[in-house]
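Here you go, one structure.
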Amino acid sequence: FKIYLCRHGIRQLRTGWADGPAYITQCPIQPGQSYLYNFTVTGQRGTLLWHAHILWLRATVHGGIVILPKRGVPYPFPAPHKEVVVVLGTTFTLPVQAGKTYMLRLINAALNEELFFKIAGHKLTVVEVDATYVKPFKTDTVLIAPGQTTNVLVAADQSSGKYLVAASPFNDAPIAVDNKTATATVSYAGTLSTAQTTLTIPPPKNATAVANAFTNSLRSLNSKKFPAAVPKTVDHNLFFTVGLGINPCPSCKAGNGSRVVASINNVTFVMPTTALLQAHFFKQKGVFTTDFPANPPHVFNYTGTPPANLATTRGTKVYRLAYNSTVQLVMQDTGIISPENHPIHLHGFNFFAVGRGIGNYNPKSDPKKFNLVDPVERNTIGVPSGGWVAIRFRADNPGVWFMHCHLEIHTTWGLKMAFLVENGKGANQSLLPPPGDLPKC
């Protein structure tokens, strides 16, 4: 296999060559060849993940990344007795001692499923998402989308015994889903192997209220030591529709000459054969264009009756940003074919989730309700089914940065685009030159 490895959530400041997505920042590592990913982790700590970033290889090629605080810097919460990385979908048994507190570093490495996570009889204290601290809150159910991470504290404060851990799918769209529950066990020290396991009932797969309760509880810690640097002014006010479409396909006999595609602002992304970052750095013509639309080309009732024409345009388009400019991006789900929750991941940046809602975004009234004080900071966010989400970020990282749905099927269908961030002033605000062993296209 040709392969690429992505360190999902590592910002890669000025080192986009080490980001990893196929034909965005590099060309394939050919069989028998090697490539050294050389980068520095700056200003980040927490749980992230790595995975293959071509085709569907990340189904099995994935794992956790743990970035510890600097030596001598404590957590902004009581230190746990033990920390455990949990990649959801794998079977495990967690042995615990009564009276101790454990930190679970949860990672959703699934291809296409958002997941609920529960432990029978135990409350979970959420302290971090996507490697950023949050105001701690207790819940019995965590919602975690593909590509997201969540750190929770679990106090072993129940009677000795075994307790079921359940990870079950969340999907509130009227489409088929693999409605299977992955299970594991929390086992207290001294529990007999023959002891019965205390069970838990997962939420229904369409438990929107449970999902919203969790999402709406997330707030940045926003302390003096860990402030929430939310951009208060906006240079680029973007509105992107995300959803599906139908394009002609003469060879698609099963689809009667058509096929389902996905798009952002009605553009189905076409993967290039030369990496975008390479083409940008070497000023290579003909690989991409910089005319990605800031708004949908056709206005319609996005969550109501779809337009008569469901076709999309195809292209390798990027949106250009000046260094250090500020961006507000509203992402609106559409009801074309079906409304659906889209976990959108932005490479190269963290962003603040300043607002969300159900139905069509109202640019006059909805911004009045934005949280610009302590919104949660993430790198991957779910656009709610039949709704919208608003994020803000500062373009302080020069390079070409991929943004895509983390449901692998939608990425394959074309729900992706890229931001091109220009160099600023001087070497410290400019993309570093490519390494000598950068794979050739």
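The values are calculated or read from the model by the stated rules, or taken from the named source; none is laboratory data. Everything numeric in this text was worked out from a predicted model, so none of it was measured. So basically every Cβ, Gly included, is an ideal-geometry build from the backbone, and we count neighbours across all protein chains shown. Heavy atoms of the whole protein, side chains included, go into the accessibility calculation; ligands, DNA and RNA do not. Shrake-Rupley method; radii C 1.70, N 1.55, O 1.52, S 1.80 Å.
Based on the mean of other Cβ atoms within 10 Å per residue, sort peptides 381-392, 277-288 so the most packed one is first.
In decreasing order of mean packing, 381-392, 277-288 become 381-392, 277-288.
Here's something else I'd like to know. Give me the Å³ per residue figure for the convex hull around the C-alpha atoms of the chain.
165
Rounded to two decimals, what is the ratio between the C-alpha radius of gyration of region 260-336 and 2.2 N^0.38 Å?
Cα Rg divided by the expected 2.2 N^0.38 Å: 1.29.
Of 259, 356, 45, 7, which has the most accessible area with a 1.4 Å probe, and how do the rest follow in descending order?
The residues order as 259, 356, 45, 7, largest area first.
Can you pull the percent of the chain's accessible area that's carbon plus sulfur, 1.4 Å probe, other chains left in place?
55
In Å, what Rg and Dmax follow from the Cα atoms of region 165-216?
14.8, 46
What are the principal axis extents of the Cα atoms in region 231-373, in Å, biggest first?
Largest first, region 231-373 extends 53, 45, 23 Å along its Cα principal axes.
With both bridge residues required to lie in the chain, what share of the DSSP beta bridges run antiparallel, to the nearest 5%?
Percentage antiparallel, nearest 5: 75.
Additional query: Over region 114-162, what lengths in whole Å, largest first, do the semi-axes of the equivalent ellipsoid take, defined as the square roots of 5 times the eigenvalues of the alpha-carbon gyration tensor?
21, 13, 8
Another question, if that's okay. Under the Kirkwood approximation applied to all pairs of distinct alpha-carbon atoms, what is the hydrodynamic radius of region 136-224 in Å?
When all Cα pairs of region 136-224 are included, the Kirkwood radius is 15.5 Å.
So what J values fall out for region 104-117 if you push phi through Karplus, 6.51 cos²θ - 1.76 cosθ + 1.60 with θ = phi - 60°, rounded to Hz, Gly and Pro as x?
My calculation for region 104-117 gives 9, 9, 7, 10, 9, 9, 5, 6, 9, 10, 6, 10, 8, 10 Hz in order.
Turning to a different aspect of this structure: I need the phi-derived Karplus couplings for region 66-76: 6.51 cos²θ - 1.76 cosθ + 1.60, θ = phi - 60°, integer Hz, Gly and Pro marked x.
Those phi angles translate into 10, 9, 7, x, 4, 3, x, 8, x, 5, x Hz.
Right, here's the next one. Per residue, how many Å² of accessible area does region 277-373 show with a 1.4 Å probe?
With all protein chains present, region 277-373 gives 47 Å² per residue.
Can you tell me the order of 415-421, 175-181, 241-247 when each peptide is scored by its average per-residue count of other Cβ atoms within 10 angstrom, highest first?
Top to bottom by mean Cβ count within 10 Å: 415-421, 241-247, 175-181.
Is it possible to state the helix-based mean residue ellipticity at 222 nm for the chain, with each DSSP H run of 4+ residues giving -39500 (n - 2.57), the sum divided by total residues, to the nearest 500 deg cm²/dmol? What is it?
Result for the chain: -1000 deg cm²/dmol, rounded to the nearest 500.
Cα atoms only, region 23-133: Rg and Dmax in Å?
Taking only Cα atoms of region 23-133, I get Rg and Dmax of 17.0, 51 Å.
Relative to 2.2 N^0.38 Å, what does the C-alpha radius of gyration of region 284-441 come to as a ratio? Two decimals please.
1.13
Could you estimate the translational diffusion coefficient of region 246-295 from the Stokes-Einstein equation, with Rh from the Kirkwood formula over C-alpha pairs, at 37 °C and 0.692 mPa s, in whole µm²/s?
247
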